[in-house]
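> This structure is in structure tokens; I'll ask about it shortly.
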Amino acid sequence: MAQPLVKKDDDRDDEAEYSPFLGIEKGAVLQEARVFNDPQLDPRRCSQVITKLLYLLNQGETFTKIEATEVFFAVTKLFQSRDIGLRRMVYLMIKELSPSADEVIIVTSSLMKDMTSKTDMYRANAIRVLCRITDGTLLTQIERYLKQAIVDKNPVVASAALVSGIHLLETTPEIVKRWSNEVQEAVQSRAALVQFHALALLHQIRQNDRLAVSKLVTSLTRGTVRSPLAQCLLIRYTTQVIREAATTQTGDRPFYDFLESCLRHKAEMVIFEAARAITELNGVTNRELTPAITVLQLFLSSSKPVLRFAAVRTLNKVAMTHPMAVTNCNIDMESLISDQNRSIATLAITTLLKTGNESSVDRLMKQITNFMSDIADEFKIVVVEAIRSLCLKFPLKYRSLMNFLSNILREEGGFEYKKAIVDSIVILIRDIPDAKENGLLHLCEFIEDCEFTYLSTQILHFLGTEGPKTSDPSKYIRYIYNRVHLENATVRAAAVSTLAKFGAMVDALKPRVFVLLRRCLYDGDDEVRDRATLYLNTVGSDGEVIETDKVVKDFLFGSLDIPLANIETSLKNYEPAEQPFDINSVPKEVKTQPLAEKKAPGKKPAGLGAPPSGPPSTVDAYEKLLSSIPEFSDFGKLFKSSAPVELTEAETEYAVNVVKHIFDRHVVFQYNCTNTIPEQLLENVTVIVDASEAEEFAEVASKPLRSLPYDSPGQIFGAFEKPEGVPAVGKFSNMLRFIVKEVDPTTGDVEDDGVEDEYQLEDLEVVAADYVMKVGVSNFRNAWESIGPDFERVDEYGLGPRESLAEAVSAVISLLGMQPCEGTEVVANNSRSHTCLLSGVFIGNVKVLVRLQFGIDGPKEVAMKLAVRSEDDNVSDMIHEIVASG
Amino acid sequence: MDTCPSIKNILLLDSEGKRVAVKYYSNDWPTNSAKEAFEKAVFTKTQKTNARTEAEIAMLEGNVIVYKFVQDLHFFVTGGEDENELILATVLQGFFDAVGLLLRGNVDKKEALENLDLILLCLDEIVDGGIILETDANVIAGKVASHSVDVGAPLSEQTISQALATAREHLTRSLLK
């Protein structure tokens, strides 16, 4: 019996002998199930067979439909036996088999009999089984018994009915909702768990009724709740009420006192639930936080790992938004670094990294170093990310943090972990100028012995951009050239490109780099040789010490300011011809989800038949469309097309939206019209545009629509001339004019006579943002520096009260119509400030970069600092005007 | 987090990570292979930890798992990422102690398999469809162990084995008190 457990191998043999299920086989067990049909039932034997069947199911064995049916019918015979143990196994078996509707009928009467039995155990279990397998129709038959059961004096029966109610609420809510009186009564039950189940069910019945939930919470927070589980539920419902109340009123938070009193409850479960609820309150103040932090701090030194974990995980979350509130726990946290449970240790470290101050960094790093060797990669990545943000917080400490990163970079680790470290170093190099040379050398050393091709190529590329700008670029050459000798083709090709970059950027190195590049001409791989040849011939001048032409530099190393998706489609569309592929023909506009698609479902009344073919949405399609119209063919290259702007309300007779096409000297309005009245045909449809509030524009052409039948969209165009290259703005009022002809929708016959009619559309504005094209840059910092501060314009704006920081950021982005870079359009939750980077091209091909810094203070007052750099001071001013007027 | 606390699964594995008894209440693992993969991941992650005196805790695939080991048996209770860890721990403790009572202290794999019916009934009494039914080990074990014959049954229908079972039941009850 008492086997020594250490000797696993011996043990296994013994165990195999002892297992009662050794050599068990489905077919044989199904044969054995025939004992269920015996006239003289042996309950013990039947129980054993059911256990075997359950064992098979538990091990993942499946029964075919026929097998399951056979077993089910055999099992139903066992209701004849009065053995309680056997009956309970029968219940289990029926639940596991989940019988089909026609099978359920067979057991319904037996189960209903058990439901009204005197034996509590039968009642409770029969309710659970029946509710599990039943459908709505049967439920109405047993509803009466269930209502009785809810208020049954036996707590097990009441709980069974209540829990079944919670499950049934998902499938047949209308029936369960009728039980609320009984459930209400059960909430007052003296039995702890009945109260818990009743409360859960009552809340779910009423969850969409705010007032009822609020009343429920109010009455229960004053009364007594017996079970800790019910108390936890009450805390959850209370926070829900608090959250919803907070949006309507200000001042003292309701129910906070209740939450605070729960911190003194005798059950740890409740204390923790309350503490966590307090930390998660919207806009929680430090005063409110303090008592919760205090109890969590006590938990940190508990002997129970679960308690420590729960506390440290919660504090870790608090540290993201209120780092100062958590600093009191720092001493307890530090002792957790050596916790046996590595999850706890990692959470403790990352919390400390968030709350730590500058002076404690060094000590902390020492502790972490010991800790890193014995945790798994997934934890290490979390730590690396925490260290990265710490370093950005305390740039002065970059030396020790960078050293730490380079040390762990040398140790063993998987790809994701190494990538996290490399990414962190790259970010630190970018953001902390002092760290650059040090960091680059660490990366150089890393690629000397790096098994991940992806990381090697990324680092080589990064070296190519950053290395030449350092004080002594020559020291990197050795590391790079070593790659050409020792690595696979992908890395070799990357190394060749990097070498060429050094050659092109650092004139003094050029002759030496050329010697190295020439050697690469004999490489075994095509790509490597091709690259070497290309660079030798373009960077050129036979390796003499002269400056490489700027055009060549831009061609080879400039950032590709065309979205890759666009170039891909253009290349796919390109058919081999005399004319070579022209990269300038690729649209630069970053494609966004066309607005029309999102709006369409709400706009079109259902049952209109085939959805109307939407207006062409992409830039290339627009360009094709416009160039096919002779009147507009001499307007030149299309600069930008706006997203469609709706000029009519949804669900009106005629749906019209407009797309603004901007050319250098012209603006073309494309009105997309849809007739939504089946009884009408519109003819000679024109848009009468009044440009009196747009002085700089003069109408030059318009293209009316001959006829607009029901549900087939058509386009009307109007073209205006404007001063060249100037972002003229103005307001246009529009009127749809047409001849209406009655149509018999059944026959499709059109009456001959029509009536002239007009339909007022909303006004249309051309704004400065229409002259900005969304063009992304891959490296904002480089682009920002290369434009230089000559035409920089900085100003501050108050944006007034806003819903949230994220809302303010997205409002400004859409106002400017520029492309967010490096994912800066995303605002982290709960952050108080945010920097957003935007780039674009202004009409006249002027590059514009914008750096937005947002801050939010207490009453949601948002302030913004706007810095613009461009190649033209007029354009910089123009961007400010957009913001100032918007 | 306005919802009722819920349990995603309860696992009882042996010292090699093989199933003794498992019960899943959520649809996060729809197939048997998904379930087995999860059990393997849980087992590997927790294998080397010492969860013999106090329940331990870990995070895996966005789930919180509390666990406790005794002899060659590994007990696990899984809940969602935002679940109150102490509630999960209470369920685990209830399961763990109830199994201890039902196996009369001889908690190991062999004993558990020999009394698999008790273990399965025990799981059935702790959680119903993810909702916690009972966490008090004594109550759980009491409900599982009440193997007496229906009071309504006439005495003459009782066989010798049933009579023995009744006797054993009375003995168990007195032991559990």
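> Between the range B:46-96 and the range A:822-886, what is the separation of their alpha carbon centroids in Å?
If you average the Cα positions of each part, the centres end up 49 Å apart.
> Listed highest first by mean packing, meaning other Cβ atoms within 10 Å per residue, what order do A:69-79, A:273-283 come in?
A:273-283, A:69-79
> Oh, and also: Evaluate the distance, in nm, between pseudo-label points positioned 7 Å from the Cα of A:R363 and of A:E785 along their respective Cα→Cβ axes.
3.7
> Using a 10 Å cut-off around each Cβ of peptide A:121-132, what is the average number of partner chain Cβ atoms that fall inside?
Average per residue, whole number: 2.
> Divide by every residue of the protein assembly as shown the summed helix terms, -39500 (n - 2.57) for each DSSP H run of at least 4, and state the resulting mean residue ellipticity at 222 nm, rounded to the nearest 500 deg cm²/dmol.
My calculation for the protein assembly as shown gives -16000 deg cm²/dmol from helical runs alone.
> Could you tell me which of A:N407, A:A420, A:P433 has its Cα farthest along the dipole of the range A:401-449 towards the positive end, charges placed at Cβ (Lys, Arg +1; Asp, Glu -1), taken about the Cα centre?
Value computed over the given set: A:P433.
> Could you give the length gained by full extension between A:R802 and A:T453, i.e. 0.36 nm per residue of separation minus their alpha carbon distance, to one decimal place?
Contour length minus the Cα-Cα distance gives 121.0 nm.
> Using the Cα centre as the reference, give the magnitude of the dipole from point charges on the C-beta atoms of the range A:197-315 (Lys, Arg: +1; Asp, Glu: -1; all else neutral), rounded to the nearest 20 debye.
260
> A further question on this structure: If you take the beta carbon distance between B:N138 and A:F21 as r and set R0 to 25 Å, what does 1/(1 + (r/R0)^6) give as a FRET efficiency, to the nearest 0.05?
With a Förster radius of 25 Å, E is 0.30.
> Using amide H atoms built in the peptide plane, which far-off residues or other-chain residues are under 5 Å from B:V70 H to H?
B:F75
> Label A:D38 and A:S302 with points 7 Å out from Cα along Cα→Cβ: what is the distance between them in nm?
Output for this residue pair reads 5.1 nm.
> Could you tell me which GluC sites (Glu not before Pro) in the range A:766-871 are loop residues by DSSP with no more than 12 other beta carbons within 10 angstrom of their beta carbon?
Passing both the DSSP loop test and the Cβ count: A:E803.
> What distance in nm separates the simple spin-label points at A:D763 and A:L534, each placed 7 Å from Cα in the Cβ direction?
5.3
> While we're on this one: List the residues whose amide H sits under 5 Å from the amide H of B:L133, counting only those 5 or more places along or on another chain, with H placed 1.01 Å from N in the peptide plane.
Excluding prolines and chain starts, which carry no amide H, the hits are B:V127, B:D128.
> Sticking with this one: Round to the nearest 0.05 the FRET efficiency obtained for A:T285 and A:Q715 when R0 = 51 Å and r is the Cβ-Cβ distance.
According to the calculation, E is roughly 0.35.
> Taking beta carbons within 10 Å but only from partner chains, what does the mean come to for residues A:55-63?
Taking all residues of A:55-63 together, the mean is 4.
> Mind checking the log10 I(q)/I(0) for chain A at q = 0.05, 0.07, 0.08 Å⁻¹? Debye, one equal scatterer per Cα, no solvent, two decimals.
For chain A at q = 0.05, 0.07, 0.08 Å⁻¹, log10 I(q)/I(0) is -0.51, -0.96, -1.14.
> What length, rounded to one decimal in nm, is gained on full extension from A:T835 through to A:E70, with 0.36 nm per residue of separation minus their alpha-carbon distance?
268.6 nm
> Next question. About the Cα centre, and with charges only on the beta carbon of Lys, Arg (+1) and Asp, Glu (-1), how big is the dipole of chain A? Nearest 20 debye, please.
5020
We did not get these values from a lab; they are worked out from the coordinates using the rules stated. Predicted model, so just to flag it, every value in this text is computed and none were measured. Cβ sites come from the backbone with ideal geometry, for glycine too, and all protein chains shown count toward neighbours.
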